[in-house]
Structure formats: structure tokens, C-alpha cells
Amino acid sequence: MRNRPVPVAMVIGLVVHASHRARFEEAARTLSGVSLAWAVYDNEDEIHQRVESLLRSTGVDGVLLGPLPYVRVRDLLPPDLPVAVTRSAALDLALAWCRALASGWPTTPVSVDTFAQETVDEVAEALGIDPAGVSCLPFDPERTVDDIVAFHRAALARTGAPYVISVRTAVAAALDGEVEVLSGLPGPITIRAELHELAHRIRTRRATGRRFAAGVFLVAKPSGAGAGPHEATALDRARVGLMNLLLNTPEFADAWIENRGRRGVVVFAHAALFEELTSQWVALPVLGQAEEALGVRAAAGFGIGASARICVALAERAAARAEQDDVPGAYLIEDSGVMIGPMGGAGPALSFTYREHGTGLEALAGRARLSPATLSRLAALERSLAGQPISPSDLASSLGITDPSGRRLIRKLTESGLVTADGSAQVHRKGRPTRLYRLAIGAALDEK
């Protein structure tokens, strides 16, 4: 096999306001094996151009940016690029209130922008602050700076508060000289946590690409074919032709290819090679080439698992599923149970399911800002729960992600109407009860 260069460090792109760069640099000091690429802007109107330049000139492995930049540039972000949206956390709001107390100001009345009402209520409860004295304006991508400034001015006129808490730099600039503005921007601790999690996701993605994988290519049996000598000879010739085609296809140069039975060829490679030659599991042009050059219909299946035996077994199942179709095609089955397909030479739209195929899952995943594979696993988890609620921590454990990621996933699902709150449970003797949620993905798919 040819040796491929292995990148020494990953590159993470940071989209930040010029005044915030120092805190992001401080937060990134504990990262190792990571290079930072910057898209720095002074005005919000510059964000799109700066990110476009970053993506064009730098091979970033992932991007970290705030909610507003994300809304402005999500049309630029490749669908397979790991992205983290850094939001001010409850800790950042609590620290802003602490700075107010240190300045001798009361905790209320005050107006707060960008933070979710739930976060404001939780912090107020923890600090013993009366939430009735807090005016909250949650983040809305359609809301302009002028709208937020008008909200704060109206609150000031109504309450006479000595300060406001804002996350938007442009808002602080607009209110300069009128009132003290305390920053609720993410601090180094919040940013550091997001950076480390993004780096972990990128490393996991790379490790997944290096997982062992197998592909099984089959010459489909002609309709009504028997086991006579002529049919057997024809299948042998077709299989040899298919194997030679694969051996002479440059994309398969790093793979190990050998015969597997009368109709089949097995291919061993890293998962990343199969991802590349299928354009991220979208199309497999070599199947069309086999039909055109050899006059045979070929089917393919890919398997990704913990061992060669499991990979081959999954690939055989996937190939058998592809052979049921009337046109050349391929499927992927992972050891997690996720199936992806069909893949064809023309690159048809993918269907993502867990165990079986459904309709509308990809569109629903796009609306929820999740990968189809993640939504597929969530749908399978919902079926296994059989209507039972689940905590964010248990959800994270089921998906193999961190607890903070599980909580963020719950927020995304809540915003998309794919979970509903369903009471709480006292998991530990001490501490607050844990909120429970009931998944509602199946119902959403049924509506499609």
C-alpha cells in the first residue's frame, strides 16, 4: 500500500470579534496538537466574507463560532465539517452578576439579552435573585442590534436600573455613555470547554476514518439463472472481470482485494478510503463502470465494525440488500446498526435508518441541525425505550458522547419539537432532581 501523509496537527477555525480574540487565545492555551486559524471581524457585516476567506484559504478540520456568526454563515459550512457553536453559559451570567455586586449595584432590576429564559431563571434561583426583577430578551437570529438596544432602553426607562447585561459587542457600543454594560460573553472556561470538545470530536472522526472496514462486491445473478455449467462459467468470468476492474481503479490502490466465492470480490481498507471513493456514502461510480464495461449488474455492500470478521459479515448483509434492487447500488451497515443507502453511480439521495429505512429522516435531520446518522440512532433509541422518558445524561451515555453534549443535544431536540419534557427524577440523594425527556422522533417522521 502507498503511504499517505498523516497530518501532525488539526486546524480549528475560530470566528471571533476583534475585541474577543485575546480571551479565545487564552482559552486555547491548554490545547495541544491544534493549530488555530482566525476569521476576525470588527463589524457583523464582515462575518460572511471573513469566513468565506477562511474556508477557501485554510484546510480547517472544524470551526468554532458564536450563534450570530453561525446564522450568518451556515450556508458556507460544508455539511461534513465539525462545527461547535459557543454560547454563553450559566457561569458567564453568574459572573456578570457577581461583577455587579462587586461594583456595589443591586442584583435587580436588570435587563439581560441573548441568554435563554431557562438559563436566567436557573442562575437567579441559584443566587437567590428574584426573577421578577429581571427583564430577559432571548437570542433570536432575526432580531437586530437596534431591536436589542430598544429593549434595554425600554427596561431602563421602566426600572431605572444602574446597568444591563449584554452578550452583543455592538449593543454595548450603542449604549456606551448611557448606562453601564456588563459583559455576559463566554469566558475562557466556557470557550475552553467548547474547544476541547470540538477537538475531541475531530479526533474521534479521524479515528473512525481509520477503523477497519470491508466491502463485498457481487455480480448479481441473472433473472432465472440456474446452476448449470454455462451459467457458472459466465458468473466466473464476470467475477474475474469485476475483480480486474477494481484492481485497475486508482481509488482502490490502497485496498486489499481478493476473490470471495463464485460471484464475489472482497475488499479490505480503512473506512476513510471507502468514504472517499463513495463521496461520503453518496455514490459508487465503479458500479456503473462495471455495467458499461462488463455488461453485468454489480451490487456492493460495506461493513464497519470492531474486527475483520464482523466487517465482512456486515458487508455481506449490505451487499445482499443491494442485490435486491433492480439497479446497480450499494449499502453500508455499521456495527451500531446504522444502515446508509442506496448508493448508485448517479449519486441519488441517501436514506438513513437504524435497522430499516424510513421516509423523511434526512429532511427532519436538516431541520433539527443534526446529522442523519445521529437522528437515526435517536430514532432507534426511542424504539428501545418504548415510551419511557430519559435523562440527558443517560441519552449521552447511550450515544457515547459527553454529558455536556447530551444536554446540548436535548436543547436542539427541544427547539425542533423532537423531545418533550416529562417530569424529573432524583438520581442522587443530594442535589437537584434531573429533568426527564420523552423522545418524539417517530411521531415527527409519521407526519412527513
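The values are calculated or read from the model by the stated rules, or taken from the named source; none is laboratory data. Quick caveat, the model's predicted, so the values are computed rather than measured. Cβ coordinates were reconstructed from backbone atoms using ideal geometry, including for glycine residues, and neighbour counts include every protein chain displayed. To get the accessible areas, we keep the full protein, side chains included, count just its heavy atoms, and leave off ligands, DNA and RNA. Shrake-Rupley method; radii C 1.70, N 1.55, O 1.52, S 1.80 Å.
For this structure, a couple of remarks:
- Any hit, the stretch 56-65, residues being in contact with a helix residue (DSSP H, G or I) (Cβ under 7 Å, 6 or more places away or on another chain), assigned to a helix (DSSP H, G or I) and loosely packed, with under 13 Cβ neighbours inside 10 Å: no
- Qualifying residue in the stretch 84-106 (condition: under 29 Å from Q280 (Cα atoms) and out of contact with any Pro (no Cβ under 8 Å at 6 or more places or on another chain)): yes
- Filter pass, W97 being modelled with pLDDT of 90 or more and in contact with a strand residue (DSSP E or B) (Cβ under 7 Å, 6 or more places away or on another chain): no
- Qualifying residue in the stretch 238-257 (condition: at pLDDT 80 or above, open to solvent by 80 Å² or more (accessible area, probe 1.4 Å) and not in a helix (DSSP H, G or I)): yes
- For I12, the test of being open to solvent by less than 80 Å² (accessible area, probe 1.4 Å) and not in a helix (DSSP H, G or I) is passed.
- Within the stretch 304-341, tally of residues that are open to solvent by 40 Å² or more (accessible area, probe 1.4 Å) and in a strand (DSSP E or B): 1
- For the stretch 100-138, filtering for residues that are part of a helix (DSSP H, G or I), surrounded by 14 or more Cβ atoms within 10 Å (Cβ to Cβ) and not acidic (D, E) leaves 7.
- Matching residues, the stretch 282-293, being out of contact with any Gly (no Cβ under 6 Å at 6 or more places or on another chain) and open to solvent by less than 50 Å² (accessible area, probe 1.4 Å): L284, V286, A290
- Remark: pairs (first residue in the stretch 54-80, within 19 Å of P186 (Cα to Cα); second residue acidic (D, E) and open to solvent by 50 Å² or more (accessible area, probe 1.4 Å); Cβ separation under 6 Å; 6+ apart in sequence or on different chains) are absent.
- Among the candidates V145, V149, V110, residue that is modelled with pLDDT of 95 or more, under 17 Å from E44 (Cβ atoms) and β-branched (V, I, T): V149
- Filter pass, R321 being of a type outside the set (A, V, I, L, M, F, W, C) and either touching a residue at least 24 places away in the same chain (Cβ under 8 Å) or under 15 Å from A213 (Cβ atoms) (or both): no
- Check on P141, open to solvent by 40 Å² or more (accessible area, probe 1.4 Å), within 30 Å of M10 (Cα to Cα), in a loop (DSSP other than H, G, I, E, B) and not small (G, A, S): no
- Taking the numbered list (1) in contact with an Asp or Glu (Cβ under 9 Å, 6 or more places away or on another chain); (2) open to solvent by less than 60 Å² (accessible area, probe 1.4 Å) in turn, R87 passes all entries but (2).
Here is a yes/no grid of residues against (1) part of a helix (DSSP H, G or I); (2) surrounded by 14 or more Cβ atoms within 10 Å (Cβ to Cβ):
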residue	(1), (2)
D146	yes, no
F151	yes, yes
A154	yes, no
V164	no, yes
L182	no, yes
I191	yes, yes
L195	yes, yes
L198	yes, yes
R205	yes, yes
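- Residue in the stretch 380-403 that is part of a strand (DSSP E or B), touching a strand residue (DSSP E or B) at 6+ places or on another chain (Cβ under 8 Å), among the hydrophobic types (A, V, I, L, M, F, W, C) and at pLDDT 80 or above present: yes
- The stretch 155-209, residues that are at positive phi and in contact with a Gly (Cβ under 9 Å, 6 or more places away or on another chain): none
- Evaluated against (1) open to solvent by 50 Å² or more (accessible area, probe 1.4 Å); (2) touching a helix residue (DSSP H, G or I) at 6+ places or on another chain (Cβ under 7 Å); (3) farther than 13 Å from V219 by Cα, S279 falls short on exactly one condition, (2).
- Taking (1) in contact with a strand residue (DSSP E or B) (Cβ under 9 Å, 6 or more places away or on another chain); (2) at pLDDT 85 or above in turn, E415 satisfies each apart from (1).
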